[in-house]
Amino acid sequence: MKIEELNQQSLGKALIQASMTALHQKKQTLQETMVSLNSYPENELEWNFIKDLCTLTSEEIAEKWYGANREDIGFYFKE
């Protein structure tokens, strides 16, 4: 499952950077920034996840990131 490959610390850092990137690019929304985003090699997987969250449908996200185990998505919300 691709979701398990994400580094949560890098994902958090990418989210913080994404908001500042949007501001720097003078975009109105994070979605606008992510649609035009090329990739960041340092944490490319995490940036791709954020981009997908902003640009894909829920079904597409589930298929791409959770794959065959998407029925078990609730598992990821347990502490």
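Tell me which residues, restricted to the range 3-12, are modelled with pLDDT under 90 and surrounded by 11 or more Cβ atoms within 10 Å (Cβ to Cβ).
Correct list: Ile3 only.
Those helices (runs of 4 or more DSSP H) of the range 23-76 in which at least 3 residues are modelled with pLDDT under 85 and more than 22 Å from Glu4 (Cα to Cα), considering only elements entirely within it, cover 30-35.
The values are calculated or read from the model by the stated rules, or taken from the named source; none is laboratory data. Keep in mind the model is a prediction, meaning the values are calculated, not measured. Methodologically, a virtual Cβ is constructed for each residue, glycine included, from the backbone with ideal geometry; neighbour enumeration extends over all protein chains shown.
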